[in-house]
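Down below is the structure, laid out as structure tokens.
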Amino acid sequence: MRSKAETVPNLLAPVTTTGRGFYVLLLVLAGLFAWFLVNAVKLQIEGHGESGLSTPVGAAWGIAVANIIFFIGVSHVGIGVSAATRLLNLHYLRPYVRIAELLTMVCLPAAVITIALDLGRTERFLWSVMQFGQYRSPMLWSATVISVYFVASSVYLYLSMRRDIAACARKVPKRAGFYRAISLGYEDTEESKRVHEKVLWWLALVILPIMISVHSVYGFIFGLQGGRPGWFNPFQAPYFVLGAIVSGFATLILVIVFLRWLFRWQQHMPAEAIRSLGRFLSWMTVLYIYFSFAEYLTFSYNPPAAESTVGRSIMTGEFAQIFWTGMVALVVGYFVLLLNQTIFRKSFRLRYTVIGALMINVVLYVTRYLIVVPSLLHPLLPYSPGSYTPTFAEWSLIVGIFTFAILAYVVFMKLFPIVELPEKAN
């Protein structure tokens with residue numbers, strides 16, 4: 001059995017070892033990001049004629065807004081898992097907390113960049129909020145809670161990894177000066193650790209309600225819009241929060257399993273802990289299925305005319321193929337997780353957890369699209385129904401945003417430990 005100190009070189013492998021694959025990946029991501037920048041500039045110059053978005057006949061919001069909701073949702077899991085681990089003393093989740101925290105730190109900027117580009121005039125993004133923001137507007141609430149959440153999460157992440165940064169100054173001599181500067185004179189004493197743990201505990205307590213408020217506000221952006229059929233609903237906020245939990249945990253499981261396989265960290269990331277995450281995801285998914293059933297039953301039972309039109313377009317009209325394929329995949333993904341994590345305990349297989357999490361994550365992305373687009377194509381005012389198909393320009397931006405998130409994650413892993421170092425090794 002290896003000692004805790006002997007495991008440190010293995011945990012620092014992403015920081016200290018640079019293989020050919022890293023440079024190939026970096027080159028591919030840099031190329032995709034350059035393509036994204038070209039299309040982003042083109043969109044700013046030529047406007048939303050490039051994206052195909054239009055109003056009043058058509059969709060003023062499209063797949064980009066679905067992308068925003070997805071990234072905001074995934075950002076929930078990071079600090080949420082870390083805060084719950086610290087507040088509830090879930091020590092078996094400690095190897096995964098920084099992996100989760102980093103998801104928050106890359107997904108929030110990805111969402112904000114998408115918002116800025118979707119406006120069409122990115123240079124007016126902050127100006128429109130600061131000069132014309134109305135305190136009654138969910139848009140202003142969104143800008144406020146995202147800013148507070150990002151700042152609080154940044155402070156939380158830095159404090160939680162300051163000890164490891166100081167350790168890197170001793171264990172990675174080539175970057176010792178960089179790590180010493182970043183650690184701001186941290187000394188690994190019992191008093192320092194006690195103070196950090198106390199601050200992090202209280203910060204975790206504060207961050208949790210902020211985290212819930214972020215996606216609640218995005219639910220209010222839709223739920224308070226009485227002028228759009230299918231949106232005005234008091235349950236949009238909890239529905240969005242639940243969707244964020246489901247997509248966030250599904251993404252976290254996929255990232256953990258991938259890193260575990262890539263760096264051969266099986267001894268640091270036991271399958272039983274991942275199984276616990278999958279079990280939690282399966283129970284959150286069944287709640288999401290219940291919410292979806294309640295929503296679409298209401299849509300189909302005896303709705304007003306406008307709600308009926310949107311409901312038919314989703315369940316039997318132009319979006320029916322996407323909707324029913326997604327619902328079947330959601331149920332199948334749920335049962336794969338449930339059977340694998342809970343019922344057939346002795347036949348647990350990590351690959352089934354990955355399959356279930358992947359299916360659920362894809363369905364949640366598609367669901368965000370179905371929340372946004374159908375209601376926009378069937379307005380209450382007497383316009384003819386519109387049509388919408390994501391254009392090549394929009395897909396380029398979506399791919400570019402995902403590239404940004406992956407690139408930021410990879411760069412962070414190259415600079416800092418992605419898994420907490422054992423305490424005795426510091």
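So how far apart, in nm, are the two label points at S192 and S154 if each is 7 Å from Cα heading toward Cβ?
Here the modelled spin labels are 2.3 nm apart.
Between the helical axis of 138-171 and the dominant principal axis of the chain, each derived from Cα atoms, what acute angle in degrees is found, rounded to the nearest 10?
The answer is roughly 20 degrees.
Could you line up E191, E307 from fewest to most neighbouring Cβ atoms inside 10 Å?
E191, E307
Starting from 0 in steps of 10 Å, tell me what percent of the Cα-Cα pairs of the chain lands in each bin.
Cα pair-distance distribution for the chain, in percent: 4, 20, 30, 26, 14, 5, 1, 0.
For the Cα atoms of the chain, what angle does the longest principal axis make with the long axis of helix 320-338, in degrees from 0 to 90, nearest 10?
Roughly 30 degrees, rounded to the nearest 10.
Between helix 97-118 and the chain, what is the angle of the helix's C-alpha long axis to the longest principal axis, kept within 0 to 90° and rounded to the nearest 10?
Helix 97-118 sits at roughly 40 degrees to that axis.
If the reach is capped at under 15 angstrom between alpha carbons, list the aspartates and glutamates near K346, excluding any in the same chain fewer than eight residues apart.
K346 reaches E272.
At a Förster distance of 45 Å, what's the computed FRET efficiency of R351 paired with A34, Cβ-Cβ distance as r, to 0.05? Let's see the in-between values first.
On the way: r = 35 Å, r/R0 = 0.78.
According to the calculation, E is roughly 0.80.
Which ³J(HN,Hα) values in Hz, rounded to whole numbers, follow from the phi angles of the stretch 204-209 under the Karplus curve 6.51 cos²θ - 1.76 cosθ + 1.60, where θ = phi - 60° and Gly and Pro get x?
Result, ordered by residue: 4, 5, 6, 5, 4, x Hz.
Could you name the aspartates and glutamates in cross-link range of K198, using Cα to Cα under 13 Å and dropping any fewer than eight places away on the same chain?
K198 reaches E190.
For Y135, Y365, what's the fewest-to-most ordering of other Cβ within 10 Å of each Cβ? Walk me through the numbers before you get to the answer.
Numbers: Y135 7, Y365 17.
Fewest-to-most ranking of Y135, Y365: Y135, Y365.
I need S387, S347, S396 ordered by Cβ neighbour count within 10 Å, fewest first. Before the final figure, lay out each step's value.
Working: S387 13, S347 9, S396 20.
Exposure proxy ranking, most exposed first: S347, S387, S396.
Please find, in a Gaussian network model of the chain (springs between Cα atoms separated by less than 10 Å), the residue of Q44, Q341, Q321 whose mean-square fluctuation is greatest.
Q321
Assign unit charges at the C-beta atoms only (+1 for Lys and Arg, -1 for Asp and Glu), then state the dipole size of the chain relative to its Cα centre in Debye, rounded to the nearest 20. Write down the numbers at each step before the final one.
Working: 33 positive and 19 negative charges, 293 e Å.
So the dipole magnitude of the chain works out to roughly 1400 debye.
We did not get these values from a lab; they are worked out from the coordinates using the rules stated. Here the structure is a predicted model, which is why all the values come from computation and not from measurement. Because the Cβ atoms are built from the backbone with ideal geometry, glycine has one as well, and the counts that use them run over all protein chains shown.
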